[in-house]
Protein chains: 4
Amino acid sequence: MLGTLNLMTQEGIRNAAGRVKSGKAYSLSVPLEAEGPQWPPRQKLWRITQFWNDLSNWGGSCDAVIMHSHSGTHIDALSHFWYNGKMYNGFDGAEHVTSYGATRHSIDNVPFIIGRGVLLDIAGWKWVEHLGLGEPVAADDLDQCAKAQNIKVQSGDIILLRTGWMRVFAQDRALFDRGEPGIDESTLPWLKDHDVIAIGADNHAVEVIENIPPTDLPIHRYAIRDLGMYLMENFYLEEIAADKAYESLVVIAPLSLTAGAGSPINPIAIT
Amino acid sequence: MLGTLNLMTQEGIRNAAGRVKSGKAYSLSVPLEAEGPQWPPRQKLWRITQFWNDLSNWGGSCDAVIMHSHSGTHIDALSHFWYNGKMYNGFDGAEHVTSYGATRHSIDNVPFIIGRGVLLDIAGWKWVEHLGLGEPVAADDLDQCAKAQNIKVQSGDIILLRTGWMRVFAQDRALFDRGEPGIDESTLPWLKDHDVIAIGADNHAVEVIENIPPTDLPIHRYAIRDLGMYLMENFYLEEIAADKAYESLVVIAPLSLTAGAGSPINPIAIT
Amino acid sequence: MLGTLNLMTQEGIRNAAGRVKSGKAYSLSVPLEAEGPQWPPRQKLWRITQFWNDLSNWGGSCDAVIMHSHSGTHIDALSHFWYNGKMYNGFDGAEHVTSYGATRHSIDNVPFIIGRGVLLDIAGWKWVEHLGLGEPVAADDLDQCAKAQNIKVQSGDIILLRTGWMRVFAQDRALFDRGEPGIDESTLPWLKDHDVIAIGADNHAVEVIENIPPTDLPIHRYAIRDLGMYLMENFYLEEIAADKAYESLVVIAPLSLTAGAGSPINPIAIT
Amino acid sequence: MLGTLNLMTQEGIRNAAGRVKSGKAYSLSVPLEAEGPQWPPRQKLWRITQFWNDLSNWGGSCDAVIMHSHSGTHIDALSHFWYNGKMYNGFDGAEHVTSYGATRHSIDNVPFIIGRGVLLDIAGWKWVEHLGLGEPVAADDLDQCAKAQNIKVQSGDIILLRTGWMRVFAQDRALFDRGEPGIDESTLPWLKDHDVIAIGADNHAVEVIENIPPTDLPIHRYAIRDLGMYLMENFYLEEIAADKAYESLVVIAPLSLTAGAGSPINPIAIT
């Protein structure tokens, strides 16, 4: 049921915490709001506030929040994607996912993801503002970038993949929504061999997409359905990359949404 | 604007991370769902899944989520509560909070709250299953409990207050919704003197309430409006208390809801 | 339970249908959308579309709709308003209205309101574009306007009250939201004596309000709580008034929202 | 843009009103609620009430409503369905329908549908409780039923098709959700030749479906996309059929949801 969460050990968490040096922490979330980044065809996040005011001497406010579980910065549950009728671990998709939610692999099976975060700043390593629309990141790029950053990806790591694409969101929303740079199919064995728990990227879908909607999502198929790995999207990595904080203690705390297919998150990195 | 967040320092975070011993981590969230704990008069959290199935060979699911920002395990923004027309730092409530949200003290001003978590297990210290309806926890109780646990509350700490009341949620929902045990007005100077950043409790509202709806919420008035301190509610503290994990690295990562008055959270404690 | 619905008879409906002359019909609804007219402190209506496109050769769309039951053109259920703790017919408000909805007087008790519609075009009769902010319409105004229009209000009628205020919505939203012209307390005996079933007006709240939020809503108190009469708001009466169609067959068809406190409506007048 | 609304004339409305005899009226809506009838894979309708109680001497309640535009008793806009990339009148689906809504053929183009309602009580004519799962209603059945009822379908009519299937909703929800009886492809020329404005049925989708989800929806394709005709679903026809009220004045008043693909409705029939 847990997929790559099985790679998360107390030892790994302890070691990751032991690497904290400065105590400087980063929120890797974009603003969660109606006009924030999200998969273009999707329902838009929205927030409404009801308020009361100086009734019986008090004032206050609280909100009704309507959102998509996969908009803004978010994590995909293993129930988010499958193919050929079968989910991760061979569960039948039609049986376990209905309009009432998922009875297998829902996000409330993920209490947290904690481990060493490894920032692979591909855009920084390539000395570009951001990668281009449809520009692939290959397995070899991941290796070379890690080497250039003098870091070695290990079992239990959480990869933070920076393509710079989130800069495009602010500069040219139409371009941002047309597709994205991201990892390509050559990374499939890399993902398996490196035993990472999760990968979060500063784009819609982690993987390279030339046109949205795409005709295939091979990384989603392979990582979620075949490996049981956690994909995380729309990360804000500008500040942590500016600090060249390639190593950190990363804490991912999904909302415990019963039967949900994912959750918005505010990922935290502590260096 | 930040209230007690000013007490959060890199040194405090570094020291808290340095206390991690075993690497065992805890999710302090209850399930976030329609029937979860929440302030009785409030709108109920809900989740709906839309799914697609074996279209073009893929399957998948995602959710539309409708929720109250203050249901289940959650944090109050400083815009959540005020009195005499004035919010924390003297801002005018009617001017800054409308049906469009808060223009001061909204939850997106809180990127994270990280620090040493100090569990004060009042129910454990009193050797009871749980405190009773309307049973107050006084400043002296906090001090004695800390002493019994051999721990000293310091500036920058995050208090985890356990009354055992969340056990009542599972056993007797009607009783749970009638009121709660919690801290009383004698703790107001204590809260100020100890410079804690935030306090999270295993009940609706942190403070003692004999009847819901109450005629006053003095802790809300004082902590939020006067001190700028963060209140957090409906924590699940059973597992961490069973382990007597009185000290931990606590990471609170509110959703970055633009203009929101609070956020559901999944608080993480690492020991 | 039904209040003034008891005044709706088959004879009244038959007679109203018998008055149809031209067959010209009117929708008296404003656009129902986030930026449409609504009580300023209220949660905003919102609509999201999910779409699918050319999957297996089909395309299509459907919507998730989030709205306030009392935004845009709408009807108030008798559970919408009460005072001194008692609802219409003496039911206890705290007992019968909770966050789960109303167990008395909810909108699903109103299958329809059908009868003769009588347009009282106060702005037209006064030869003004629209009445002013806080300008009262007194019982005597109603009588004189009816007389000038050569129409007599009868038991079972549905009053369409035109102040012209909806013109202000398009011209000056801030002014529209500050208050409104409407009927004043002198109309309370008039409402009772004329045995009308319902009254719909082209403003927020039917009644005159100098400042929103108001300190009292006497028409709501009296009409809803004491008379069991149906108030309807934000009607679009420009077209029907331009045609001087003072008499019509009016059909009000609230959504059958179980336990709801009101419903958006699209009122129809046939002349 | 209007499709069969072009068949709605003042003369037709006047004549329909002229047929009102008794003044007895019917609501043809089922309860609109989370557990009401709806297309099984769809998001569930929900309603939440916020209430206030005896504050400053008043009490009251209003609701936040979350619903699917196509759940419960509802009408399909012409933007709801298309094929081969083209909507009614040749508009491009991908261009005109996005996650922001429809820019062609949305429901706010339908101010009302008014005309003579013709109840074709197929189940009554066949002397059965209800038609069976997957049982087709052919063009010849429509003709014979009309003849048996001594009624002639004319241009501008609104067909109320009763299969009795709504009885199954109460008796056996699982069966109701598995498929339905309804009109088959032989009715396609019948629909075109009779120039009806709209057809409402007591099932999910008007047309016969053996298994949900179906592999094709030929009536949706032809009626909506090719004819521009309005389909309406989940009608409650038990009471009007029991009265053998085959002819009525029918008033359909969709909510004026800007850019929406449909609307819940409370259809009214007056006899």
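The values are calculated or read from the model by the stated rules, or taken from the named source; none is laboratory data. What you see is a predicted model; the values in this text were computed from it and never measured. When we count neighbours, we look across all protein chains shown, and the Cβ atoms used for this are built from the backbone with ideal geometry, even at glycine. Protein only, heavy atoms only, side chains kept; ligands, DNA and RNA dropped before computing areas. Shrake-Rupley method; radii C 1.70, N 1.55, O 1.52, S 1.80 Å.
For the range C:124-152, the tally of residues that are closer than 19 Å to C:ALA242 by Cα, open to solvent by 30 Å² or more (accessible area, probe 1.4 Å) and not in a helix (DSSP H, G or I) stands at 6.
Hand me the list of strands (runs of 3 or more DSSP E) wholly inside the range C:55-106 holding 1 or more residues that are modelled with pLDDT of 90 or more, at negative phi and surrounded by fewer than 24 Cβ atoms within 10 Å (Cβ to Cβ). Talk me through it step by step, then tell me what you get.
On the way: elements: C:58-68, C:74-76, C:81-83.
In the range C:55-106, the matching strands (runs of 3 or more DSSP E) lie at C:81-83.
Does any residue of the range D:167-190 turn out to be closer than 24 Å to A:SER99 by Cα, among the aliphatic types (A, V, I, L, M) and surrounded by 21 or more Cβ atoms within 10 Å (Cβ to Cβ)? Yes, the range D:167-190 contains at least one residue that is closer than 24 Å to A:SER99 by Cα, among the aliphatic types (A, V, I, L, M) and surrounded by 21 or more Cβ atoms within 10 Å (Cβ to Cβ).
Number of residues in the range B:214-235 that are surrounded by 24 or more Cβ atoms within 10 Å (Cβ to Cβ) and part of a loop (DSSP other than H, G, I, E, B) equals 2. Within the range C:236-260, restricting attention to residues that are of a type outside the set (Val, Ile, Thr) and part of a strand (DSSP E or B), the residue that is nearest to D:GLY18 (Cα to Cα) is C:LEU249. Scanning the range A:110-123 for residues that are open to solvent by less than 50 Å² (accessible area, probe 1.4 Å), within 11 Å of chain B (Cβ to nearest Cβ) and either more than 30 Å from A:ASN150 (Cα to Cα) or not aliphatic (A, V, I, L, M) (or both) gives A:VAL110, A:PHE112, A:GLY115.
Mind listing whichever residues of the range B:243-257 are more than 7 Å from every other protein chain (Cβ to nearest Cβ) and either at positive phi or buried (at least 24 other Cβ atoms within 10 Å of the Cβ) (or both)?
In the first step, residues of the range B:243-257 are kept if they are more than 7 Å from every other protein chain (Cβ to nearest Cβ); the result is B:243-248, B:250, B:252.
Scanning the range B:243-257 gives B:LYS244, B:SER248, B:VAL250, B:ILE252.
Residues in the range A:13-35 that are at pLDDT below 90 and crowded, with 20+ Cβ neighbours inside 10 Å: A:LEU32, A:GLU33. Listed by first and then second residue, the pairs linking a residue in the range D:158-171 that is under 14 Å from D:ALA245 (Cβ atoms) to a residue that is part of a helix (DSSP H, G or I) and at pLDDT 95 or above, with Cβ atoms under 7 Å apart and 6 or more places separating them unless they lie on different chains, are D:ARG162/D:ILE122; D:ARG162/D:ALA123; D:ARG162/D:GLY124; D:ARG162/D:ALA241. Considering B:GLY134, B:GLY93, the condition of being of a type outside the set (A, V, I, L, M, F, W, C) and within 14 Å of chain A (Cβ to nearest Cβ) is satisfied by B:GLY93 alone.
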